[in-house]
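Engineer: Take this structure first; my questions come after.
The values are calculated or read from the model by the stated rules, or taken from the named source; none is laboratory data. Here the structure is a predicted model, which is why all the values come from computation and not from measurement. Heads up, the Cβs are rebuilt from the backbone with ideal geometry, glycines too, and the neighbour counts pull from every protein chain shown. What goes into the accessible areas is simple: the full protein's heavy atoms, side chains included, and nothing from ligands, DNA or RNA. Shrake-Rupley method; radii C 1.70, N 1.55, O 1.52, S 1.80 Å.
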Amino acid sequence: MVRPSRAEASAGMWRREAGTVVRRAAPFPEQAVAPFVIVAGFQVPPVPTEWAPHSHPLHELVWVHGGTLTSRVGDRVFTVFEEQGLWMPAGVVHGGRATAGATFHDAFFAPDRTPFAFGGPKAIAMTPLLESLLTHLSRTDLDPAARERAESVVFDVLQPAKRQFALQLPGDRRIDAIAETLLDDPADGRSLEEWAQRLGISDRTITRAFRHATGLSFAQWRQMLRVHRALMLLSDGFDVMAVSEALGYAQPSSFIAAFRRIMGTTPGAFFDAADALAGNVRNPVSGVQNS
């Protein structure tokens with residue numbers, strides 16, 4: 001299998017695949033939401049699309065169908081998939097990337113009229129009811145009373161997801177080079193000892209630094225990073241064999257086992273369930289036994 005192409009470095013996240021379009025977020029003046037509390041819509045990027053770092057004067061909730069969205073916010077990387085959304089508080093600088101063909105939904109909330117607040121980015125449980133309400137609110141012909149009723153129910157049902165799937169970056173100058181190298185190339189297979197020799201520190205120092213900064217060992221952190229990257233590649237249509245090779249696994253079964261440890265299921269089962277929820281028929285993870 002051919003490894004997925006990697007054309008150039010993407011500031012703060014993965015390397016960009018060939019054909020990625022980089023966009024600046026369109027200005028969204030705060031008064032544009034008036035007289036509504038919530039404004040919702042969607043788009044379908046035909047190619048991998050990256051949004052340069054930006055912020056909004058409004059709270060934003062984003063979710064996708066038929067793909068994934070990856071966002072880097074400071075020292076964390078979030079990956080959004082079926083059944084999850086990502087809440088971005090007003091004023092928080094973030095960048096993002098959606099896989100080609102994913103239906104990208106967003107909803108903006110007026111901060112002064114939203115009756116709750118999250119202290120930072122938060123994965124949100126995108127229940128069928130919540131999605132239906134936000135789709136309903138994307139209409140432009142609702143009368144004020146109907147809109148107000150729907151908005152009040154959104155506030156009642158919008159809840160954080162049970163799984164907060166975020167990769168904590170170390171933010172420690174002693175080991176930041178390791179993290180940035182692996183973001184650039186998750187297949188880098190250098191051992192703890194090899195990194196220690198390169199950085200001129202002990203492997204024990206690296207181990208302690210990763211534990212202190214991320215709560216994970218170096219091996220666990222690299223495995224988590226690879227699963228974040230795998231979700232994007234699988235959504236882009238690469239099969240398990242190509243993804244396992246791109247991530248540096250010796251064989252697909254090793255990748256499948258690592259994916260199961262993090263996600264609680266195999267890549268095939270995960271994406272079959274996601275496709276069923278989205279009404280899709282594609283199966284990007286065919287070509288290898290993974291159950």
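Engineer: So what's region 62-117 giving for Rg/Rh, alpha carbon basis, Kirkwood Rh from the mean inverse pair distance?
Structural biologist: Rg/Rh for region 62-117 comes to 0.99.
Engineer: While we're on this one: For region 43-102, state which chymotrypsin sites (Phe, Trp or Tyr not before Pro) are in a DSSP loop and have at most 13 other beta carbons lying within 10 Å of their beta carbon.
Structural biologist: none
Engineer: Still on this structure, I have one more. Taking all pairs of distinct Cα atoms, average 1/r, flip it, and tell me the Kirkwood hydrodynamic radius of region 96-155 in Å to one decimal place.
Structural biologist: 13.5
Engineer: Percent relative contact order of region 111-228, based on C-alpha pairs within less than 8 angstrom and at least six residues apart?
Structural biologist: Numbers: 84 pairs, mean separation 27.5, N = 118.
Normalised by residue count, the contact order of region 111-228 is 23 percent.
Engineer: Computed FRET efficiency, Cβ-Cβ of ALA187 and ASP75, R0 22 Å: what is it to the nearest 0.05?
Structural biologist: Using R0 = 22 Å, I get an efficiency of 0.45.
Engineer: Then there is this: So, taking all protein chains as they sit and a 1.4 Å probe, how much accessible area belongs to SER138, in Å² rounded to tens?
Structural biologist: Its heavy atoms expose roughly 50 Å² to the probe.
Engineer: Using only Cα atoms, locate the centre of region 142-192 and the centre of region 90-128, then give the distance between them in Å, rounded to an integer.
Structural biologist: Value for the Cα centre distance between the two parts: 10 Å.
Engineer: Follow-up. Modelled label-to-label distance, GLN168 and GLN220, 7 Å Cα→beta-carbon offset: nm?
Structural biologist: 1.0
Engineer: Could you give the size of the charge dipole of region 159-260 about its Cα centre, using +1 on the Cβ of each K and R and -1 on the Cβ of each D and E, expressed in debye and rounded to the nearest 20?
Structural biologist: Values: 13 positive and 12 negative charges, 114 e Å.
Its charge dipole is roughly 540 debye.
Engineer: While we're here: Simple spin-label model, 7 Å along Cα-to-Cβ: SER152 to GLN43 in nm?
Structural biologist: 3.4
Engineer: Additional query: Please identify the trypsin sites (Lys or Arg not before Pro) of region 128-157 that satisfy two criteria: DSSP loop assignment and at most 12 other Cβ atoms within 10 Å. Which are they?
Structural biologist: ARG139
Engineer: How big is region 193-264 by the Kirkwood estimate over distinct Cα pairs, in Å?
Structural biologist: Hydrodynamic radius (Kirkwood, Cα only) of region 193-264 equals 13.3 Å.
Engineer: Can you compute 3J(HN,Hα) from phi for each residue in region 196-203, using the Karplus curve 6.51 cos²θ - 1.76 cosθ + 1.60 with θ = phi - 60°, rounded to whole Hz and x for Gly and Pro?
Structural biologist: 4, 5, 5, 8, x, 10, 7, 5
Engineer: Still on this structure: Please sort by residue number the trypsin sites (Lys or Arg not before Pro) in region 40-105 whose DSSP state is loop and whose Cβ has at most 12 other Cβ atoms within 10 Å.
Structural biologist: Passing sites in region 40-105 do not exist.
Engineer: Measuring from label point to label point, each 7 Å out along Cα→Cβ, what is the SER55 to GLN251 span in nm?
Structural biologist: With each label point 7 Å from Cα toward Cβ, the separation is 5.0 nm.
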